[in-house]
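The values are calculated or read from the model by the stated rules, or taken from the named source; none is laboratory data. What you are looking at is a predicted structure, and each value in this text was computed from that prediction instead of being measured. Reconstructed Cβ throughout: ideal geometry from the backbone, glycine too, with neighbour counts over all protein chains shown. Side chains included, ligands, DNA and RNA excluded: accessible areas come from the protein's heavy atoms. Shrake-Rupley method; radii C 1.70, N 1.55, O 1.52, S 1.80 Å.
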Amino acid sequence: MFESVKRRIPSFLRALDFIYPRDCADCGAAVQEGAPFHGRAVPSSFCARCWRGIKRLDGPRCPVCAVPFPSEAAVSWSPDHRCGECRKTPPLFSKAVTPFIYEGTLAKAIHLLKYQKQNHLAEPLARLLADDLAPLPVDRVTAVPLHPRRLRAREFNQSLLLAERISRLIRRPLLIDPIARKRETPPQVGLSKKEREKNMKGAFSVTRPRLVENQRILLIDDVYTTGTTLKESAKTLIQAGAQEVIVAALARMI
């Protein structure tokens, strides 16, 4: 009987959405659960039109950190041309994947997931990123950790929610917190690049080095701003014996 009721829940929820449509968190239009987008259902927080409007970060980019170049000129003669920052201070990660711009619907979706506990958004957000990650030569997937105090306050790590779903979608094992934040750092929002670097320096420590030794690790975060957090996390994994670290963030600040 329980299984019978369980099977009927999705139909019941769709009926409620038809009778009492919800408002899109971006444009305010009525939205129903199950609106089609690329053959999948759009999350009920957004309408298909807004979800379709999420912008990819196209054009020439640094082959290491993926920062956009202002024109094709930088790579016209040298496709492997690196940005000034990666030439001056090469990160220990081998590659960054940041396929979308942090704005509009995507920015609102990340905010709803991160600060308003709308955890149902983790699945569609992970799917947005997974197609770019599936071909990568990685062995394991993990996420940038939160400090325990912040984790208790938020009750979940949004980057780990994304990493868990991505690991399933690309069929790679998930590592839960092979590194940890050994000290609580102030929020990075509003800090300059130098302040971010100082804030994050030495913030992480290795908890289970044997799980990362000789492994190619895919490290997930929600937003790439200056890359300071991902660089420091990748550095910790490499120092723990990881063979390679590729970092990925759902959205990039431009």
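Below, the figures for the structure above:
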| quantity | calculated |
| --- | --- |
| Strands (runs of 3 or more DSSP E) (entirely within region 142-226) containing at least 1 residues that are surrounded by fewer than 18 Cβ atoms within 10 Å (Cβ to Cβ), among the charged types (D, E, K, R) and modelled with pLDDT of 80 or more | 216-224 |
| Tally of residues being assigned to a helix (DSSP H, G or I), in contact (Cβ under 8 Å) with a residue 12 or more places away in the chain and open to solvent by 50 Å² or more (accessible area, probe 1.4 Å) across region 116-131 | 3 |
| Test result for LYS108, of a type in the set (Lys, Arg), over 18 Å from THR229 (Cβ atoms) and touching an Asp or Glu at 6+ places or on another chain (Cβ under 7 Å) | yes |
| Members of region 83-102 that are within 14 Å of the chain's Cα centre (by Cα) and either open to solvent by 20 Å² or more (accessible area, probe 1.4 Å) or of a type in the set (Lys, Arg) (or both) | ILE101, TYR102 |
| Residue in region 242-249 that is in contact (Cβ under 8 Å) with a residue 12 or more places away in the chain, in a helix (DSSP H, G or I) and not hydroxyl-bearing (Ser, Thr, Tyr) present | no |
| Number of the exception - ALA240 against (1) out of contact with any Lys or Arg (no Cβ under 7 Å at 6 or more places or on another chain); (2) within 17 Å of LYS95 (Cβ to Cβ); (3) open to solvent by less than 20 Å² (accessible area, probe 1.4 Å) | (2) |
| Scan of region 30-68 for residues that are closer than 21 Å to LEU106 by Cα, modelled with pLDDT of 70 or more and among the β-branched types (Val, Ile, Thr), ordered by number | VAL31, ILE54, VAL67 |
| Filter result (at pLDDT 90 or above and buried (at least 16 other Cβ atoms within 10 Å of the Cβ)) within region 69-82 | ARG82 |
